[in-house]
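Throughout, read-outs are computed from the coordinates displayed, never taken from laboratory work. Fair warning: this is a prediction, and the values are worked out from it, not measured in the lab. Because the Cβ atoms are built from the backbone with ideal geometry, glycine has one as well, and the counts that use them run over all protein chains shown.
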Amino acid sequence: MRHSIRRALTVASVATVSAIALAACSAPAADTGSDTGDFEPITSIKLQLQWLPQSQFAGYYVALDKGYFTDEGFDDVEILPSGGDIVPQDALVAGDVDFAVAWVPKVLGTLEATGAELTDIAQVFQKSGTLQVSFADKGVPSVADFEGKRIGSWGFGNEWEIFAAMAAEGLDASTVSITTQDFSMNALLDGDVDAAQAMTYNEWAQILEVVNPATGKLYQPSDFDVVSYEDTEGAMLQDAIWADTARLDDPAYADAAVRFLKAVTKGWIYARDNPEEAADITYQAAISAEAAFPVGPVHQLWQMNEVNKLIWTGGDFGIVDKAAWDKTVKGALAAVNQDGLNLITAEPAASAYSNTYIQKALDELAAEGVVVNGDYTPIDVTLTEGGQ
Amino acid sequence: MTLREPQGRRARAVGWGALGVLLILVAWEVYKFLGPAEGFVVGAISGQTGSGVMLLPRTNDRAMPHIWDMVARLFQSTSGGDTPPLIVPVVTAALTTLGIAAVGWLIGVTVGALLGLVMQRWRLAEWGLLPWIVVSQTVPLIAFAPLIASIGSQVDRAGTIPWPQWLSVAIIASYLAFFPVAVGVLRGLEAPDRIHLDLMRTYAAGYWATLFRLRLPAAVPHLLPALRLAAANAVVGAVVAEVSIGMRGGIGRMLIQLAGQGSSDPAAPWGPTFGSIALGLVAAGSVALIGVGLKNYRRGEAAA
């Protein structure tokens, strides 16, 4: 069915192109059409996420659920989760998808390693959500205390903030022992690492959903020391929407990018103003359509609350802040991992980010009366055992 | 030969099987009760987290949940809210994987049987192919799986032939399944005694007549264990392939996803673990049914 539609579209576009060509032959004065917005609008797009469906991606699921994509002229929007098996920027480079959500440092590494060109067209998360969590008796309240300790990290490009923060403290990777964590928090709870990596919106909550055997109640934040990378020199930009740089020259794709960002912005605004409902929409999408097994509804609401804090920091939605970008690049250049390797060795190309598309989307939304900036007023979420 | 005797033996076999499962359950709980909660580590340097070698595993509830907790978890809602009990998605996912593994098994058996036939027919083919067939099994599945998946998605995108993701999984499963069949068919077809082959020759029987009347019947005792191995391999291949190419809906992916939540919900990942055990048993059991239909040819088969 999809293929027949695609074939029909191909036939239609071939017919259109030949008609234009024939018209051009008969009337040399005819308009060439490329710079006047004369193109077939893209109506079907795919978005690659970097993880399983959860409130971290609520804005996209809300935009789908509330019909914001349809409002912007998309008939068919597919949101593809990843379980770590699909690397979003690789899927985008390979042309499997039209847009991808990925962390900035990971993409910068890929761009330098492969020579591919991608553009950050919207910086969804303005702040870093990465933490390094340790039991309060381990003595790791700051990055300077990492020395000689066993530090957990997920690897796969999630580790660069650690090395960038250490570099700023004059520590190199040989002064600590880096251990790869799995995606549960057992390494911390069992004492296999001194400090474990955690996201504010996911693993931190997972720790606080575990019963402390000493008290018989859930673990409390006061049981732990928490290093927030946002407060360190290692802070890097995280969830961003990436587009294929070369394709942005195609007016149809550039137009689709702006319309896509308009829908996404509306989705995230809705998630800010209605966190309970947005978390529920995502949770329902995850348990029904996606055959995913998300942590329960309470966990999703916690995540929605924390994610909103990272997105809505007062400025306009999605604008890449040059200072934060430069800090990310500086950290990426300084970071050296335990194998002595750099994430990147040279500044990324100027095309690696662009505010053109998000600005156009925001301007159009503002013209429609949508308020595209603002702060988020956090809600109180009480965690339960297992998040259910 | 009476019928009563094998029936008595079967009842005893079932009894021993049940006792074996019970013993594992008892051993689990006994070790959990007696073993050290934080494991037994030798060579640990004090003040150095994670040093030393752990000889005895941890027995705390995160590492080893109680059996009754794991069973009870199967009947609690999967992801909280009004999601169905965990056992429902476990069974659905296991059936999905079973279907894919069955396709992989069929492809593997077909390819393996053809390779076996060709290698038996032409000695040169055996010399040329057999070493490569053996080498093929040393290629790590996790290196091979993304390759198949990316070829599949390219073919699918080209649009002429549909190539859904499950087909990649089935092909990866067949890659493990074909090996025992190829070797089993080759050995089986070479099994008839010289004297029987000579007899066929005195009848002036050609290749095909010898194949159908002598070689294939004689191959059955070699073939059945090969098919059972192929079934087990297909299941393992399908589960690993699901995980490494990220196919949703199967038991492998479910296992990985629930394991990520293992800290706050340690009993949950055991649901899909039990599901994949049941899956392997069902797959091997289904192949055993083939043997029932072929029991006239099963003389001299080693119990497997």
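Among rounded, prolate and oblate, which fits the protein assembly as shown when a ≥ b ≥ c are the square roots of the eigenvalues of its C-alpha gyration tensor, a/c under 1.5 means rounded, and a/b larger than b/c means prolate?
oblate
Round to the nearest 10 and give me the degree value, 0 to 90, for the angle of helix B:123-136's Cα axis relative to the longest principal axis of chain B.
0
Within region B:59-82, what residues put their amide N at less than 12 Å from the label point 7 Å along the Cα-to-Cβ vector of B:I277?
Of the residues in region B:59-82, B:67-68, B:70-71 have backbone N under 12 Å from the label point off B:I277.
Using a Förster distance of 41 angstrom, determine the FRET efficiency expected from the C-beta separation of B:F33 and B:T138, and round it to 0.05.
It comes out at approximately 0.45.
In a Gaussian network model over chain B where Cα atoms closer than 10 Å are linked, find which of B:G184, B:G35, B:G249 has the largest mean-square fluctuation.
Residue with maximal mean-square fluctuation among B:G184, B:G35, B:G249: B:G35.
Under 12 Å from the Cα of B:K32, which aspartates and glutamates turn up, not counting those fewer than eight places away in the same chain?
Partners found: B:D61.
Any idea what the relative contact order of region A:319-388 is, in percent, if you count C-alpha pairs under 8 Å spaced at least 6 apart?
Rounded, it is 23 percent for region A:319-388.
Suppose the chain between A:D190 and A:S228 were pulled fully straight at 0.36 nm per residue; how much longer would it get relative to their current alpha carbon spacing?
11.5 nm
How large is the helix-only mean residue ellipticity at 222 nm for chain A, computed as the sum of -39500 (n - 2.57) over DSSP H runs with n ≥ 4, divided by its residue count, in deg cm²/dmol to the nearest 500?
-12000 deg cm²/dmol
Calculate log10 I(q)/I(0) of chain A for q = 0.06, 0.14 Å⁻¹, where I(q) comes from the Debye formula with a single equal point scatterer on each Cα and nothing for solvent.
-0.26, -1.25
Roughly how far apart, in whole Å, are the Cα centres of region A:157-171 and region B:238-304?
First find each Cα centre; the distance between them is then 42 Å.
Taking the Cα centroid of region A:330-368 and of region B:1-73, what is the distance between the two, rounded to the nearest whole Å?
51
Under a 10 Å cutoff between Cα atoms, tell me which one of A:V140, A:V211, A:V329 has the largest fluctuation in the Gaussian network model of chain A.
The residue that fluctuates most here is A:V211.
With the crude spin-label approximation of a point 7 Å out along Cα→Cβ, what separation in nm comes out for A:A144 versus B:R9?
Each label point lies 7 Å from its Cα, and together they span 7.8 nm.
How many partner chain Cβ atoms sit within 10 Å of a residue's Cβ in peptide A:177-190, on average, as a whole number?
Mean shielding count: 4.
As a test of the formula, what do you get for chain B when each DSSP H run with n ≥ 4 contributes -39,500 (n - 2.57) and the sum is divided by the residue count, at 222 nm and rounded to the nearest 500 deg cm²/dmol?
Roughly -23000 deg cm²/dmol at 222 nm, from the helical runs in chain B.
For region B:123-155 and region B:166-192, what is the separation of their C-alpha centers, rounded to whole Å?
Measuring centre to centre over Cα atoms gives 12 Å.
Using the Cα gyration tensor of region A:169-328, with a ≥ b ≥ c the square roots of its eigenvalues, what is the shape: rounded (a/c below 1.5), prolate (a/b larger than b/c) or oblate (neither)?
It comes out oblate by the Cα gyration axes.
Let me know the mean shielding of A:82-90 by other chains, meaning the per-residue number of their Cβ atoms within 10 Å of its Cβ.
3
Can you find, among B:V220, B:M200, B:S168, the residue sitting farthest towards the positive end of the charge dipole of chain B, where Lys and Arg contribute +1 and Asp and Glu -1 at Cβ?
Farthest towards the positive end: B:M200.
Rounded to the nearest 0.05, what FRET efficiency do A:E368 and A:A252 give with R0 = 22 Å and r taken as the Cβ-Cβ distance? Could you check?
0.50
If I take every Cα pair under 8 Å that is 6 or more residues apart in region B:1-64, average their sequence separation and divide by the length, what percent do I get for the relative contact order?
Taking the mean separation of contacting Cα pairs over the length of region B:1-64, I get 26 percent.
Taking only Cα atoms, what is the 0 to 90° angle, nearest 10, from helix A:251-273's long axis to the longest principal axis of chain A?
40
What ranking, highest mean first, results for peptides A:168-177, B:164-173 when packing means the other Cβ atoms within 10 Å averaged over each residue?
B:164-173, A:168-177
Looking only at other chains, what is the average number of their beta-carbon atoms within 10 angstrom of each beta-carbon in B:250-263?
Mean shielding by partner chains, rounded to a whole number: 6.
When the convex hull of the C-alpha atoms of region B:65-297 is computed, what volume per residue in Å³ does it have?
162
May I ask you to work out the translational diffusion coefficient for region A:130-231 at 37 °C, viscosity 0.692 mPa s, via Stokes-Einstein with Rh from the Kirkwood sum over Cα pairs, reported in whole µm²/s?
Rounded, D is 242 µm²/s.
When only C-alpha pairs under 8 Å and at least 6 residues apart count, what is the relative contact order of chain B, in percent?
Dividing the mean separation by the residue count of chain B yields 21 percent.
B:D193 to B:I151: FRET efficiency via 1/(1 + (r/R0)^6), r the Cβ-Cβ distance, R0 60 Å, to the nearest 0.05?
Computed FRET efficiency for B:D193 and B:I151: 0.85.
Please give the contour-minus-distance gain from B:I45 to B:W16: 0.36 nm per residue of separation, less the Cα-Cα distance, rounded to one decimal in nm.
Extra length from B:I45 to B:W16 when fully extended: 5.9 nm.
Restricting to lysine pairs 8 or more places apart or on different chains, what number in chain A have Cα atoms under 17 Å apart?
So the count works out to 15.
Add +1 for every Lys or Arg and -1 for every Asp or Glu among the other residues with Cβ under 15 Å from the Cβ of A:V370, and state the total.
-1
Where Lys and Arg each count +1 and Asp and Glu each count -1, what net charge lies around B:W208 among other residues with Cβ under 12 Å from its Cβ?
That sum, taken over residues with Cβ under 12 Å, equals +3.
How far is it, in nm, from the label point at B:A72 to the one at B:L56 when both lie 7 Å from their Cα along the line to the Cβ?
Calculated label separation equals 2.6 nm.
Relative to the longest principal axis of the C-alpha atoms of chain B, give the angle of the C-alpha long axis of helix B:270-293, reported between 0 and 90° and rounded to the nearest 10°.
Relative to chain B, helix B:270-293 is tipped by roughly 20 degrees.
Net charge near A:G129, counting Lys/Arg +1 and Asp/Glu -1 over other residues with Cβ under 13 Å of its Cβ?
Charge balance near A:G129 sits at -4.
For the residue pair B:R201 and B:V88, what label-to-label distance in nm results when each label sits 7 Å from Cα along the Cα-to-beta-carbon direction?
Rounded to a tenth, the inter-label distance reads 6.7 nm.
Would you work out if region B:188-288 is rounded, prolate or oblate? Take a ≥ b ≥ c from the square roots of the eigenvalues of the alpha-carbon gyration tensor; rounded if a/c is under 1.5, else prolate when a/b is larger than b/c, oblate otherwise.
Note, shape of region B:188-288 comes out prolate.
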